[in-house]
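Here the structure is laid out as C-alpha cells; the discussion comes afterwards.
The values are calculated or read from the model by the stated rules, or taken from the named source; none is laboratory data. Everything quoted here is computed from the prediction, not taken from an experiment. Note: ideal-geometry Cβ built from the backbone for every residue, glycine included; neighbour counts use all protein chains shown. Each accessible area value is taken on the protein alone, full model and side chains, heavy atoms only, with ligands, DNA and RNA left out. Shrake-Rupley method; radii C 1.70, N 1.55, O 1.52, S 1.80 Å.
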Amino acid sequence: MKKVAHFIVGHKALIIILFIILSISGIIAQFFVPINYNLADYIPDSAPSTLAMEVMEEEFDQAVPNLRVYIPGVDLLEAKEFKEKLAAVPYVKQVLWLDDFYDLREPIELANQELLDAYYNDGALYMVVTGLEDTKLTLTTMQETIGEDGAIEGQVVDLAKAQSSVDSEMFTIMVFMIPLGMIILSIATTSWLEPVLLVLTIGAGVFLNMGTNFIFDEISFITAAVSAVLQLAVSMDYAVFLLHRFGSYRQEGHEIEEAMEMAIVKSSTAILASASTTVLGFLALVFMQFKLGPDLGLALAKGVIFSFISVLFLLPALVLSLDKWIEKTSHRHFLPSFKSVGILVKSMRYVVLVLIIVAPFFYVAQRNNDFIYGNADYDKGSREQRDKETILDKFGDELSLAIMVPRGQMGKEKSMEEELKDIPGVLGLMSYNETVGGLMPSDLLDAEVIESLLSENYSRIILTVRGPKEGDAPFELVENIRETVYSYYPDGHILGESVVNYDMKTTIEKDNAIVNGLAIVSVGLVLLISFR
C-alpha cells in the first residue's frame, strides 16, 4: 500500500483526468443499457408459471388478456369502430368484445343477456385487451383513443407506471437526497468544499458502475432505480474514513503529501474490510432463485468496488489538488464532543447485553411482515388511479388466467371446466367447448378467437376470476385452480398475474433463509480475518 499511496500522490493530475474521461463515458454508456420492467421474467426457469409462459409462447400467438377497457356513452356501431381503433394501437395483440361471441347481424334482443351485460351494458362498452410491450407507447396511445371519459386497467398500466417511475421518481429522490447529504457532510467535515469532493468521488463511482452495466444483457427497473442511491449511501463512509484520517495527520504536523500517503496506508485496511462486508452481503443475493437477486446483487457489488477504487485514487488526488481551497473554505466543528455518550455507553454495557435475549423475538416478528409482490399501486389523483377505481366500481376486481391442457380429450376437458366453475371466486371461463357449444357455431366465430383457444397441441381455457392480483384469498384461489387442473392433467399449465405473483412469493420465501445465512457467514469471515 505504501507503493500505491506514493503512486497516487505523485500522479494526481493523471488520475483526475482519467476519472473525468471514465465518468463521462459511464454517463453516456448507461443510456445503452436495456432495462426490463417485467418482474415475471425474473421468476426461476423451473417455476410452474415460467414453464406455462414457455408453452404459451410456443403454441399461441396471443398472450393472456391483461387489460380491461371501459368506454361510456357509445352505440353498437361506435363500439365496433372503437374496437378497430384499439386493435390498431401498437403492440395490441387482440381485442375481445361482444362481436367475437355473437353475430351482430342478428337482432341484439336475441343475444344471451348475461353475455350482453358482460360486454355492452347501458350504452357502456367493455372490452378485454391483450397488449404487449412497449408498454408506455401502448398505454399512451390507448388513453388518447378512448378519451378522457374512458378507463383502462391492467398489467400494461402497471408496467408503464414502473417504466415512468424510473424516469421521473428517481430524479426527484436524487434532488432531495443530494442536498440533504451535503448538509450532513457539511456538519461532519471542517470545510465547505470537502462535501463537494466527497460527492464527486462517490458520484464518479456511481457513473462508472451505471455505465459498466452494459456487461449484462439487461438490468431490471428496480436495479436501475435503486442501485445509484444505495451505492451512494453505503459507500460514502469510505470517503469520510480517508478524509478524517488525512485531517488527523495534518493536525499532527505532517506535510500534505506525507499526510495523504500515511492516510491511504492506514485507512485502506478499514475501508477494505468495510467494502468487503458490503460486497459479500450483496453477492449473497446471487444465490437467490428469484433472478432479481443476482441482477441487483451483481450490480451493487460492482458499484461498491468502483466506490472503493474512487475513494482510494480519486479522492486523494482531488484533496491534494484543491488543498488551498479547502483551507480557504474551512469552518469550525459543528458536531459536539461525544465523550459523554461514550461514558453513558460504558456504564450501560451490561444492560445492552441483555438485548441479545430479546433478539429471537424480533426474528419471529420480522417473519410476520406482509409484502407486496406486484407493482399495481398508483399515485393518488393520477389518471391510472382514477381509471382503476372506475373499472373496479363498475365491473369489480377481475383477472384473467390461462389454462393450457393437451388437446384431444374434449370429454375430460369439459368435466374439468365444470369443476373449475364451482371453485369460489371463479366468475366464468372461455374455451372452445364453451364458445362453440354454448354461444354460436364455429363457422361464425372469428378465426382469431379460435386460434387463441386451440393450437396444434394444446387447448387453452381463459378463466375469469374475482379478486385482486395478490393476497391470501387470490393465492388460495391459485392453489385451488392448480389442484383441480393437475388432478385431470398433471402436465397442464396455468398462467396469469396472480399465478406469477404466487410463484414469486413462494420463491422469495425459500430464498430468504439462504441469502440471510450466506450474508451472515460471509460478513463474519471478513470480520474474523480483519480482527484476526
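Here's the picture: charge each Lys and Arg Cβ at +1 and each Asp and Glu Cβ at -1 in the chain, and of 522, 311, 334 the one pushed furthest to the positive end of that dipole is 334. Amide H contacts for residue 429 (H built 1.01 Å from N in the peptide plane; partners 5 or more residues away or on another chain; cut-off under 5 Å): 464.
By the gyration tensor of its Cα atoms, with a ≥ b ≥ c the square roots of the eigenvalues, what is the shape of the stretch 320-383: rounded for a/c under 1.5, prolate for a/b over b/c, or oblate? Judged from the Cα gyration tensor, the stretch 320-383 comes out oblate (a/c at least 1.5, b/c at or above a/b). Cross-linked pairs 12/266; 388/421; 421/505; 161/388; 414/469: Cα-Cα separations exceed 21 Å for 388/421; 421/505; 414/469.
Put 460, 482, 105, 349 in order of accessible area, highest first, and with a 1.4 Å probe you get 105, 349, 482, 460. A helix-only calculation puts the chain at -20500 deg cm²/dmol for mean residue ellipticity at 222 nm, using -39500 (n - 2.57) for each DSSP H run of at least four residues, averaged over all residues.
Over all other residues within a Cβ to Cβ distance under 13 Å of residue 315, the charged ones net out to -1, with Lys and Arg as +1 and Asp and Glu as -1.
Close amide H pairs (under 5 Å, H built 1.01 Å from N) link residue 191 with 331, residues at least 5 positions away or on another chain. Under a 5 Å amide H cut-off, with hydrogens placed 1.01 Å from N, residue 220 pairs with 36 among residues at least 5 apart or on other chains. Taking each residue as 0.36 nm, the span from residue 491 to residue 325 lengthens on full extension beyond its C-alpha to C-alpha distance by 52.6 nm.
Give a quick list of trypsin sites (Lys or Arg not before Pro) in the stretch 355-392 that DSSP marks as loop, anything other than H, G, I, E or B, with at most 15 other Cβ atoms within 10 Å.
Counting only loop positions with at most 15 other Cβ atoms within 10 Å, the trypsin sites (Lys or Arg not before Pro) in the stretch 355-392 are 367, 380.
Using Cβ point charges alone (K and R +1, D and E -1), the dipole size of the stretch 74-194 about the Cα centre works out to roughly 620 debye.
The orientation-averaged shadow of the Cα convex hull for the stretch 1-83, equal to a quarter of the hull surface, comes to 13.3 nm². The string of couplings for the stretch 27-33 from the Karplus curve (6.51, -1.76, 1.60, θ = phi - 60°) is 4, 5, 5, 5, 6, 9, 8 Hz, one whole number per residue in order, with x for Gly and Pro. With θ taken as phi - 60° and the Karplus curve 6.51 cos²θ - 1.76 cosθ + 1.60 applied, the whole-hertz 3J(HN,Hα) list for the stretch 53-58 is 4, 4, 5, 5, 5, 6 Hz, x standing for glycine and proline. Rounded to the nearest 20, the Cβ-based charge dipole of the chain about its Cα centre (Lys and Arg +1, Asp and Glu -1) stands at 4440 debye. The Cβ shell under 14 Å around residue 478 holds other residues with a net charge of -3, Lys and Arg each +1, Asp and Glu each -1.
Sequentially through the stretch 416-426, phi angles give Karplus couplings (6.51, -1.76, 1.60; θ = phi - 60°) of 5, 4, 5, 5, 4, 4, 7, 6, x, x, 8 Hz, Gly and Pro residues having no value and appearing as x.
Only lysines eight or more places from residue 510 in sequence, or on another chain, were considered; those with a Cα closer than 18 Å are 291. Label separation (residue 148 vs residue 371): 4.2 nm, computed from points 7 Å beyond Cα along the C-beta direction. Compare the Cα positions of 183, 155, 396 along the charge dipole of the chain (+1 at Cβ of Lys, Arg; -1 at Cβ of Asp, Glu; about the Cα centre) and return the one farthest towards the positive end. Value: 183. Viscosity 1.306 mPa s, temperature 10 °C: give me the Stokes-Einstein translational D for the stretch 15-147 in µm²/s, with Rh taken as the Kirkwood radius over C-alpha pairs. Translational diffusion coefficient: 87 µm²/s.
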